[in-house]
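Derivation of every value follows stated rules applied to the coordinates shown; laboratory data play no part. Keep in mind it's a predicted model, so treat the numbers as computed, not measured. Every residue, glycine as well, gets a Cβ built from its backbone with ideal geometry; the counts of neighbours run over all protein chains shown.
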Amino acid sequence: MTSQYFTYEKGKVIQALRYHFISRKEIKFMMILVNVFAISSAALFFFKKISPLAFLISSVLWFAMMIAFWYFLPTMIYKKNNTFKDRFKATLDEDGFMIENDRGSRGWEWNQFSTTLETPHFFHLYFDSRSFFIVPKEAFEGDDEHEARKILREKIKGKY
């Protein structure tokens, strides 16, 4: 199945990168840990067990982490990666996944992907926990999006 040519929309890509970061186990763990720390410091501050400065520092840490994962990292990756500024066509078939643009094409067999993740606007195709390719759902017209989802479920055995 071949898609139509597509480009990436900045806002949707940044949202997809947020999903990527938040779905990572180590980031989830760190966010939980910092949230527990912030709630504990708020409780300790309320019961006058810690100083206002300690509570302020824990709050600043929480805000800094949220800003980093929600705004800074996705925006920085978007700006650094020229892929998001190009125009592509994706092909999914029984043998694998291929992406092409005006300068050439590159294909991968399905066994080269470890997992896939579907978010509101994209299919994330993971090579490993840090390397992935995102394909906009808008690249597939009508029932082709459902067909793409079906192919991904059948061909990539990891988490969907």
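Mean separation of Cα pairs under 8 Å and 6 or more residues apart, divided by the residue count, gives segment 82-155 a relative contact order of 21 percent. On full extension, the segment bounded by R24 and M1 gains 5.3 nm, given 0.36 nm per residue less the C-alpha separation. Distances between placed amide hydrogens fall under 5 Å for F123 paired with V135, K137, all partners being 5 or more residues away or on another chain.
Using 1/(1 + (r/R0)^6) with R0 = 30 angstrom and r between the beta carbons of H146 and K10, what's the FRET efficiency to the nearest 0.05? Could the numbers behind the result be given before it?
Numbers: r = 27 Å, r/R0 = 0.89.
Here the calculated transfer efficiency is 0.70.
Screening the chain for DSSP H helices whose Cα atoms reach 30 Å or more along their own axis and whose mean Kyte hydropathy is at least -1.0 gives 25-46.
Taking the convex hull of the alpha carbon positions in segment 82-155 and averaging its projected area over all directions gives 5.1 nm².
Just to be sure I understand, if you calculate P(r) over Cα pairs in 10 Å bins from 0, in percent for this structure, which of (1) 11, 44, 37, 7, 1, 0; (2) 9, 34, 32, 18, 5, 0; (3) 10, 32, 28, 15, 10, 5, 1 do you get? Evaluating P(r) over Cα pairs in 10 Å bins from 0, in percent on these atoms matches (3). Using equal-weight Cα scatterers in the Debye expression, the normalised intensity of segment 10-80 in log10 at q = 0.22 Å⁻¹ is -0.89.
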